[in-house]
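Have a look at the structure below before the remarks.
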Amino acid sequence: MKSIATVILATLVATPALAAPEVFTLDNGHTFPRFSYKHLGYSTQLSRFNKTTGTVTLDAAAGTGTVDVTIDMTSVDTGSELFDGHIQGPDYLHTEQYPTATFKSTAVKFDGDKPATVDGLLTIKGVTRPVTLTVTSFQRMAHPMLKKDAIGADATTVIKRSEFNAGKNAPYVGDEVTLSIALEAIKQ
């Protein structure tokens, strides 16, 4: 007859370990959503937002996760103070009425133990649309200075600004906008 301890030990060894979801808080000093668009057919303009908050929750063992991000639209940085003010006006971002944009994931799909795509709802100027972010790179390791687990990722998607009531001057100023998110987050 087997002892109770042997049965419990055998059960523990045979049962896969359950990994708990891990929460990472965005590092605002290293997380910058960027956007680019064609300007009058001459060039591709690149700008960014300087203030972003949020969390990423991952359970790589279960292949699940969530992403919840808020972008301070008043932190837009085009490289020109004059244009920063212009782009915050009602024809474009209308930051007086809509000071933030949000992304809330609905599904994170993994390739092995790394996120590959993130489906979610993007809200800009009070308009919510589904988007899929393609994760082009992902890294998880101990942060060499903070001595905590951290993640970093780059992700991209393309939207039409006219679908978010920001389409003034299209098609001369490109309607298609490429969103690229450089993200770093520290485990809490």
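Structure values in brief
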read-out: Qualifying residue in the range 125-139 (condition: within 19 Å of residue 49 (Cα to Cα), modelled with pLDDT of 95 or more and among the basic types (Lys, Arg)); value: yes
read-out: Qualifying residue in the range 130-152 (condition: closer than 19 Å to residue 93 by Cα and among the charged types (D, E, K, R)); value: no
read-out: Residues of the range 123-153 classified as surrounded by 15 or more Cβ atoms within 10 Å (Cβ to Cβ), farther than 20 Å from residue 27 by Cα and not β-branched (Val, Ile, Thr), total; value: 1
read-out: Candidate set: the range 37-54, residues that are in contact (Cβ under 8 Å) with a residue 24 or more places away in the chain and of a type in the set (A, V, I, L, M, F, W, C); chosen: the one nearest to residue 133 (Cα to Cα); value: 49
read-out: Number of the exception - residue 111 against (1) surrounded by fewer than 18 Cβ atoms within 10 Å (Cβ to Cβ); (2) at pLDDT 95 or above; value: (2)
read-out: Residues located in the range 100-125, provided they are closer than 15 Å to residue 137 by Cβ and touching a residue at least 24 places away in the same chain (Cβ under 8 Å); value: 110, 113, 114, 115, 118
read-out: In the range 132-151, the residues that are touching a Ser or Thr at 6+ places or on another chain (Cβ under 8 Å) and in contact (Cβ under 8 Å) with a residue 40 or more places away in the chain; value: 133
read-out: Exclusive hit being modelled with pLDDT of 95 or more, touching an Asp or Glu at 6+ places or on another chain (Cβ under 8 Å) and not hydroxyl-bearing (Ser, Thr, Tyr), set 72, 68, 77; value: 77
read-out: Residues satisfying the stated conditions in the range 154-174, i.e. in contact with a Lys or Arg (Cβ under 7 Å, 6 or more places away or on another chain), more than 14 Å from residue 44 (Cβ to Cβ) and not hydrophobic (A, V, I, L, M, F, W, C); value: 163, 165, 167
read-out: Residues within the range 55-72 that are in contact (Cβ under 8 Å) with a residue 40 or more places away in the chain and surrounded by 17 or more Cβ atoms within 10 Å (Cβ to Cβ), tallied; value: 6
read-out: Residue check for residue 75: under 28 Å from residue 188 (Cβ atoms) and either touching a residue at least 24 places away in the same chain (Cβ under 8 Å) or of a type in the set (Phe, Trp, Tyr) (or both); value: yes
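The values are calculated or read from the model by the stated rules, or taken from the named source; none is laboratory data. Just so it is clear, the model here is predicted, and its values are computed rather than measured. Heads up, the Cβs are rebuilt from the backbone with ideal geometry, glycines too, and the neighbour counts pull from every protein chain shown.
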